[in-house]
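The structure under discussion appears below in the form of structure tokens.
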Amino acid sequence: MRAQRVLGIVRKDLRAVARSRVLLLPLAAVPIVFFVVLPLVVSLLGRMLPLEESDDLATLLRALPSRERARIEALPPGQQLTVLLFGYQFAPLLLIVPLATTTVIAADGLAGERERRTLESLLATPLQEDELFLGKLLAPAIPALLISWLGAAISTAIVAGVAGLGPPLLPSPQWLVFAFLGSPAVTLLGLGVVVLLSSRVRGMQEVSQLSGLAVLPILALLVAQSSGVVLFDWRLAVLLCTALWILALVLLRLGRRLFERESLLRLD
Amino acid sequence: MEQPVIDVNGLVRRFGERVALAGITFSVAAGEVLGLLGHNGAGKTTTIRVLLGLLRPHGGTVRVLGAEPSVDGERVRAHTGVVGEAPGLDERLTAREVLAFFADLYDVPVALQRQRIPELLERFGLAEVADRRVATFSAGMRQRLALARSLLHDPQLLLLDEPTAALDPVAAHQVRELIAERRREGRTILLATHNLSEAERLCDRVVILEQGRVLVEGRPHELARALGIPAQLTLEIDPEQADVALRALQQCGAEARVERFAGQVIVEQVTRDRVPAIVAALVRDGVGVYGVSLRAPTLEDVYLALHRRGERR
């Protein structure tokens, strides 16, 4: 495996993405919403709206285990809502940004390469299939993780600045688990899904749209947590992220098997 | 005897039930330019893909630069430059970035890249637009860039698949000139094309494929003789004597027609050795002959004759 070839693919794919307005728009919009707008709204709302004044939010609080609930109830009213939403309810949202970023860039790098009829010229080089596979994985994974971790830091800073909340209350343990164990897991999961779809589906748009469906289970988690069906404390968050890691690695292994010159060319 | 650069023996390749290559055999010697001719779907692109190790053969043997592409494809591709009908360039990159990217993939050391990329941009007339995005390039410029890319790693072998098919006549001419230069440099080239005049001009030998089979193989100017394809004789005469000339030619068994306006008698189906007898017959009957020109059969004549024979079968 030669680093020069792998890095060449990463550089080229990222440079191409950086010059595509169609791709940059979703890549910028999703992190801004989740890492800037949402923490800002939650922090401001928390200051203005004490928990006991809203029946819905009080219901969310009651869904927490008694120990967690007691911790939040002990806080000043202006901080309770922020800790409840940012630290607990919205923690799984940290998984959406890496997943969305990965699928957009990976769909462009895999299915897009075929759609632009540039794939065969890559396959005609001495590039090994492992090198091509790794390059095509790293190109989306690097920005996805950087954006996620940087965004997580920015959102924490916003909450700290606006609501005056910091450690040990925020970030919460489950928030940290989702950020550092969950983000890489969903990044790999998104890659696995895109690799598999790209070996079956011809168009970049189709791959992008179908892989976007992977966000739905995360939204389901959010709904389940909001309705009190389940609460992802840090232990359950670790378990969930471990399951995501295993699923991601299985999908990538399957994807690698299909990632051969002849099968890549067949769809070209 | 020197080993051929490409040695294909009984190559078979199927796609499901469809047989794309039905046991083709040919070879290309070092420094030779071989034309692979045929209609669309004759098997030219499939052959190139097998030579590169992109498709596995289902039968027969293939050796390129001494290696088996399906086993040691990396080695074959490391010493082979490729240009396809579609140039395969990411339009979002500049010409310089495209070359730098492929230089990385071909393991060209960075120090050498700094020297070779500007050289190639200059040689292919792209130095002025090196930092412009490929999206702004014409089809001809893109194909020139693809040719420059194919030479980044100074390959021993060039595989060119319909490199001028999508180009306008001027751009196609430029690309042919560039291929002719590579030929003069002594590179081994396999040129798949259905442009017969291009093949005639650029190739030392041609292989004509039809439905995955080799119809004929040989040097363009020898194929006609080997296949017994006749030439065309044009005689310049006085238009007033056209009827006399036609009678004289019929008497000596020649198949002739008259272009009265141009003052020419065109005799079809002529072999070179019959020319003196035809001219003598005209002169004997008092026809003034002012010019004699024998047009040797072109590759197109050969191709069409083979095609007609195929249809008759």
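Values in this text are rule-based calculations from the coordinates and carry no lab data. Model, not experiment: these values are computed from the prediction. No Cβ is skipped: glycine too gets one built from the backbone with ideal geometry, and neighbour counts run over all protein chains shown.
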Query raised in the report: Hey, how much of the P(r) for region B:17-141 falls beyond 27 Å, as a percent of Cα pairs?
Result: 35 percent
Report summary line: Here Rg/Rh (Cα, Kirkwood) for region B:174-253 equals 1.20
Report summary line: The Rg/Rh figure for region B:176-308, Cα atoms and Kirkwood Rh, to two decimals is 1.11
Query raised in the report: Using a simple spin-label model with points 7 Å from Cα along the Cα→Cβ vector, what separation in nm is obtained for B:Leu112 and A:Val230?
Result: 5.5 nm
Report summary line: Packing-ranked peptide list from B:26-35, B:83-92, B:104-113, highest mean Cβ count within 10 angstrom first, is B:83-92, B:26-35, B:104-113
Report summary line: Heads up, region A:71-117 by the C-alpha gyration tensor (a ≥ b ≥ c square roots of eigenvalues; a/c under 1.5 rounded, else a/b over b/c prolate, else oblate) looks prolate
Query raised in the report: Which value in nm describes the separation of the simple spin-label points at B:Arg132 and A:Val36, placed 7 Å from the Cα toward the beta carbon?
Result: 3.5 nm
Query raised in the report: Any idea how far apart B:Val279 and B:Asn40 come out in nm if each label point goes 7 Å out from Cα toward Cβ?
Result: 4.6 nm
Report task. With only alpha-carbon atoms counted, please give the Rg and Dmax of region A:145-244, in Å. Result -> 16.0, 50
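What ranking of B:Asp131, B:Asp273, B:Asp161, B:Asp285 emerges when the number of other C-beta atoms within 10 Å of each C-beta is taken as an exposure proxy, fewest first?
B:Asp273, B:Asp131, B:Asp285, B:Asp161
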Query - Extension gain, B:Arg308 back to B:Arg219 (0.36 nm per residue minus Cα-Cα distance, nm) - result: 30.0 nm
**Report entry** Charged-residue dipole, Cβ positions (Lys, Arg, Asp, Glu), the protein assembly as shown about Cα centre, Debye nearest 20
**Finding:** 820 debye
Query raised in the report: Which whole number gives the average, over all residues in B:106-114, of C-beta atoms from other chains lying within 10 Å of the residue C-beta?
Result: 2
Report task. Report the far tail of the P(r) of chain B, meaning the percent of Cα-Cα pairs longer than 36 Å. Result -> 33 percent
Requested in this report: Output the relative contact order of chain B, whole-number percent, from Cα pairs under 8 angstrom with separation of 6+ residues.
Outcome: 19 percent
Report summary line: Quick P(r) readout (the protein assembly as shown; Cα-Cα; 10 Å bins; whole %) gives 3, 14, 19, 17, 13, 11, 9, 6, 3, 2, 2, 1, 0
Query raised in the report: Helix hunt in chain A: which complete DSSP H runs extend at least 27 Å axially by C-alpha with mean Kyte-Doolittle at least -1.0?
Result: A:129-163, A:234-258
Report task. With runs of 4+ DSSP H residues as the only contributors, calculate the mean residue ellipticity of the protein assembly as shown at 222 nm using -39,500 (n - 2.57) per run, divided by the residue total and rounded to the nearest 500. Result -> -16500 deg cm²/dmol
Query raised in the report: Which shape class applies to chain A: rounded if a/c is under 1.5, otherwise prolate when a/b exceeds b/c and oblate if not, where a ≥ b ≥ c are the square roots of the Cα gyration tensor eigenvalues?
Result: prolate
Query raised in the report: Could you state the number of Å between the C-alpha centres of region A:94-165 and region B:222-256?
Result: 72 Å
Requested in this report: Sort region A:103-204 into rounded, prolate or oblate with this rule: let a ≥ b ≥ c be the square roots of the eigenvalues of the Cα gyration tensor; rounded if a/c is under 1.5, and if a/c is not under 1.5, prolate when a/b is larger than b/c, oblate otherwise.
Outcome: prolate
Query raised in the report: Where both residues lie in chain B, what percent of DSSP beta bridges are antiparallel, nearest 5?
Result: 65 percent
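Go through A:154-164, A:140-150, B:44-54 and give me the packing order, highest mean Cβ count within 10 Å leading.
With the highest mean Cβ count within 10 Å placed first, the list reads B:44-54, A:140-150, A:154-164.
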**Report entry** Largest-first principal axis extents of the Cα set of region A:1-150 (Å)
**Finding:** 66, 30, 21
